[in-house]
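The values are calculated or read from the model by the stated rules, or taken from the named source; none is laboratory data. Treat the numbers as computed from the prediction; the structure is a model and nothing was measured. Every residue, glycine as well, gets a Cβ built from its backbone with ideal geometry; the counts of neighbours run over all protein chains shown. Note: accessible area is taken over every heavy atom of the protein model, side chains too, but ligands, DNA and RNA are not part of it. Shrake-Rupley method; radii C 1.70, N 1.55, O 1.52, S 1.80 Å.
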Amino acid sequence: MFGKFLEKLITKIGRNKSVKRLFLSASGENLLAQNNAYFQNGFNRELAISTLNKTLNKIYGKNYSEDLGMWSEHLILFAAIKNQAPDLSRILEIGTFDGQTSRILSDLFPNSEITTIDLPLQSVKHKNIYKYAQRDNYMENFRSENLSKCSNVTFVEKTSLALINHTGSYDLIWIDGAHGYPIVAIDIANSIRMCNPNGFILCDDVYKFTRSNDSEYMSTATYETLLEFQHSGFIEFQLILKRINKIYSFNKKYVGIIKKVFN
């Protein structure tokens, strides 16, 4: 619980304009490294931001900022993938939350069949997940509003563990469910199995180190699982910073870019 509190505190501090200015000049190094990481994956980050801003302005009337809510580099990566492979057939999102990412994916890939899954609302309440977003039914109402705008998105209420029996395959999979053991390890294994050749798998909130591990939020489980699959020759992966402002370096986390290896 302390880890989650610390994460919220650092994020809040990072959004303070005065504090942010102190760190802005020191963030150029991160920006250079981030742009290079995109380039290594065949992406153009600046072009991706331009593509993303068209979608964000259309939906929410705002340009991208890593200081707005849950927005982070994963959205820029989606736009980069759109620029490289605009005609993806099938997309899977594990972890719907409030439906913002689903809606953004829907606009970026209007011709794709998108499935997003999350636990039934009663299970969410029973397990106290997303507790901070449940006041006044915020999450439920905002999710309904976002998903109602997506003609190509199917929302399924079920545990991601049910994907063990799923026979479908996908061109893009976004893993953003529980971040700890055992769930995230199973989600990654299922995603590798379901990913099409030359498909994309992205993982949210990858921690190389945390002072405390929990089953839902802050955990090194994703990183450890990716390392094991890479050592075994099933995947190659790269980590990019989730947010590039230096203020977030106090609680550094990454987005994982995973490529399936075919022997």
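In table form, for the structure just shown:
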quantity: Residue match in segment 225-236 (condition: more than 16 Å from the chain's Cα centre (by Cα) and at pLDDT below 95); calculated: no
quantity: Matching entry among T225, T167, T210 (being assigned to a helix (DSSP H, G or I) and among the β-branched types (V, I, T)); calculated: T225
quantity: Filter result for N198 (in contact with a Ser or Thr (Cβ under 6 Å, 6 or more places away or on another chain), at pLDDT below 95 and among the polar types (S, T, N, Q)); calculated: no
quantity: Options N141, N111, N83; residue that is touching a residue at least 24 places away in the same chain (Cβ under 8 Å), under 30 Å from G168 (Cα atoms) and exposed (fewer than 14 other Cβ atoms within 10 Å of the Cβ); calculated: N111
quantity: Pairs where the first residue, in segment 154-167, is more than 17 Å from M194 (Cα to Cα) and the second is open to solvent by less than 50 Å² (accessible area, probe 1.4 Å) and among the polar types (S, T, N, Q), C-beta under 6 Å, 6+ apart; calculated: T154/T115; F155/T116
quantity: Scope segment 196-214; condition loosely packed, with under 14 Cβ neighbours inside 10 Å and within 20 Å of G177 (Cβ to Cβ); matching residues; calculated: K208, S212
quantity: All helices (runs of 4 or more DSSP H) inside segment 6-86 with 2 or more residues being modelled with pLDDT of 90 or more and small (G, A, S); calculated: 28-40, 45-60, 73-84
quantity: Which listed residue is of a type in the set (V, I, T) and assigned to a helix (DSSP H, G or I), from V184, V255, V156; calculated: V184
quantity: One residue from Y217, Y248, Y181, Y170 being touching a helix residue (DSSP H, G or I) at 6+ places or on another chain (Cβ under 7 Å), open to solvent by less than 40 Å² (accessible area, probe 1.4 Å) and either within 21 Å of L68 (Cα to Cα) or without any contact (Cβ under 8 Å) to a residue 60 or more places away in the chain (or both); calculated: Y248
quantity: Complete set of residues in segment 144-167 that are buried (at least 19 other Cβ atoms within 10 Å of the Cβ) and either hydroxyl-bearing (S, T, Y) or over 23 Å from S72 (Cα atoms) (or both); calculated: S160, L163
